[in-house]
Amino acid sequence: MNDRSHSPGSSPGSSPGSSPGSVRPGGRTARTREAVLSAALDELADSGYAALSVEGVAQRAGIHPATIRRRWRTVEGIMCDALIREGATSVAIPDTGSLQQDLRLLAQAIGDFYMAARNQAFLEGIVSAASRDPFAGDVLRDTLGERLRLASAIIHHAVDRGELPPDTDAEEVIAAAAAPLYYRLLVSRRPLDAQLPLVSADAAYHAARAGVFSVPRDTTGEPEPA
């Protein structure tokens, strides 16, 4: 049994307003959370998301399954908490003074991260969880949205330097630089290589410089509705 269901309208393994596994932060609870999340990522790397189960995670973590069900309820709850933990880590935003170099460094960092089999398995797992569970979908969307917002500083700096038009859609440029990597991993399912991040970054750079990502504005100066 993979324990892949929970009550509608509530986050798995949490009280309203809390994230999965975050009932009692600190001390023993923090150690339990780390053990469970690390075990889940190891299980994903070894067997994939389809085989992920509360029992398997519990056995690897050395924790009783009832503890996991009480705090996370389901494997989707565990995946959400793992993504929340990853999203809380600091994101290094390049600021070299060159837009092309910054985009290359950002794309290379993404590529280097997902070249590790464990990280690639986690990406595949959280996308699978998001397709099955509305709360997981919300967590994934919010986490990626925050990452886009933070990385958009690269574009804002380039606009300030005069490298890009002032009406450039910053998040769309970042998304364009990263999207080919995720397509390669999740759709065509081919391995990443060292060249793809550079090609993706350069394509986004030249498109942005050409005004491809400029936001159309009406006569008042406000962005036109999509």
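The values are calculated or read from the model by the stated rules, or taken from the named source; none is laboratory data. Here the structure is a predicted model, which is why all the values come from computation and not from measurement. Reconstructed Cβ throughout: ideal geometry from the backbone, glycine too, with neighbour counts over all protein chains shown. The accessibility values were calculated without ligands, DNA or RNA, using every heavy atom of the protein model including side chains. Shrake-Rupley method; radii C 1.70, N 1.55, O 1.52, S 1.80 Å.
Go ahead and run the numbers for FRET between R28 and R189, Cβ-Cβ distance against an R0 of 41 Å, rounding to 0.05.
On the way: r = 40 Å, r/R0 = 0.98.
So, using R0 = 41 Å, E works out to roughly 0.55.
As a calculated quantity, the FRET efficiency between A66 and A210 at R0 = 41 Å, using C-beta atoms, amounts to about 0.10.
If you take all other residues with their beta carbon under 14 Å from the beta carbon of R149, and give Lys and Arg +1 and Asp and Glu -1, the sum is -3.
If you count only protein heavy atoms with a 1.4 Å probe, what accessible area per residue comes out for the stretch 103-173, rounded to a whole Å²?
Accessible area per residue: 48 Å².
Remark on S214: its backbone amide H falls under 5 Å from those of D169, a criterion applied only to residues 5 or more positions apart or on other chains, H modelled at 1.01 Å from N. Within the accessible area of the stretch 160-204, the carbon and sulfur atoms contribute 57%, probe 1.4 Å, all protein chains present. Starting from the Cα of V199, move 7 Å in the Cα-to-Cβ direction to define the label point; list residues of the stretch 161-177 whose amide nitrogen is under 17 Å from there. Under cut-off, by backbone N: 176-177. 3J(HN,Hα) couplings calculated from phi for the stretch 177-189 with the Karplus curve 6.51 cos²θ - 1.76 cosθ + 1.60 (θ = phi - 60°) are, in sequence order, 6, 9, 4, x, 5, 5, 4, 4, 6, 9, 10, 6, 6 Hz; Gly and Pro show x. Distance from the C-alpha centroid of the stretch 185-215 to that of the stretch 103-128: 15 Å, rounded to the whole angstrom.
All other residues with a Cβ under 10 Å from the Cβ of F213 taken together, and with Lys, Arg as +1 and Asp, Glu as -1, what is their net charge? Combined, the nearby Lys, Arg, Asp and Glu give -3.
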